[in-house]
Amino acid sequence: SSGINAEYGEVKKGKKRNYEIVLEDTILFAEGGGQPCDHGILRTFPSGVSDVEKLSLQNVKVIDVQRRDGKAVHLADKKVEVGCEVDMEVDWKRRFDHMQQHTGQHLLSAIAEQEPYKFNTVSWNLGTTISHVELNTPSISDEVKFEIEQKLNRLIQSGKSVVTKVYSSKDDEGLSSAHTRGLPADHTGPVRVIEIEGVDENMCCGTHLSSLSQVSLNFKLSLITKIFKTTITFSP
C-alpha cells in the first residue's frame, strides 16, 4: 500500500533497545479501544527522491504503536534522524484482519443489546486467533446463541454499509444517538462514530470495513459463563 510523508520526528531510545519515534502525522493505528496496533515500515529519504528509488531505501520496521499524551509513539527497530522525511507503509494483512474482527464485534454487540436479549457489552478483546466479547448476563441458552448466530450471518450476507461519521467535538449534538463507554479523559478534537446501516451507531477510534459483506466471518459463537457475566468468543 502507498505511504504518506511526515516530517519533524522526535526520537528517543526505548527500553528494549528499540527506538520511540513521534511523527508529524501517521497512517498507523495506535493500540486502543480493544484493538491491537498496526505494524508497518518507515523509509527515510532526502528530498527529490523518486517513488521507485524509495523502495530500495533501508526499511525501519514499526513493531508497536502506542498512544501517549495525544501522540502516536512508534516503536521501531532502527533510529531515524530528527527532522527527516519518511514514507510509511502499513502491514495490510494485519490491518485488514483487525478491520474484519472489529467490525464483526460491533455487529455482535449491537445484536446482543437489542430486544429481546438486552445483553450489554462490558468489554472486548481482539485476539490473534480468538476474540472475546464480555456481556452483562449470567448465562445465555444454546437456543439464544444459535438465534444470534443466524441474525449475524444474515446481516453479513446482506452487505449493509459501514460508514464513519466525524463530529467536531464531544459536545456535538449529533452524538446523542451514538453508543459509547466514554471517551478518554484527555481526548480533544473530533469524535468518530461507526454506523452500521440500520443496525447501530457507536463511538470508536478503531479501523473498520466499508461493508458487512467484507467481514467474511461465518459466526460460530462459544460461551464462557462467569459469575454475573458471559463471554462470547469468535474466530477470524
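The values are calculated or read from the model by the stated rules, or taken from the named source; none is laboratory data. In this text, all values refer to a predicted model and were calculated from it rather than measured experimentally. As a convention, Cβ positions derive from the backbone with ideal geometry for all residues, glycine included, and neighbour counts pool all protein chains shown. Accessible surface is based on the protein model in full, side chains and every heavy atom, while ligands, DNA and RNA are left aside. Shrake-Rupley method; radii C 1.70, N 1.55, O 1.52, S 1.80 Å.
The table that follows gives values for the structure above.
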read-out: Residue ranges of strands (runs of 3 or more DSSP E) in region 65-172 with at least 1 members small (Gly, Ala, Ser) and closer than 15 Å to residue 33 by Cα; value: 71-76, 121-125, 131-135
read-out: Criterion: at pLDDT 85 or above and open to solvent by 60 Å² or more (accessible area, probe 1.4 Å) - qualifying residue of 177, 139, 131, 123; value: 139
read-out: Within region 142-155, considering residues that are open to solvent by 20 Å² or more (accessible area, probe 1.4 Å) and touching a Leu at 6+ places or on another chain (Cβ under 7 Å), the one modelled with the lowest pLDDT; value: 145
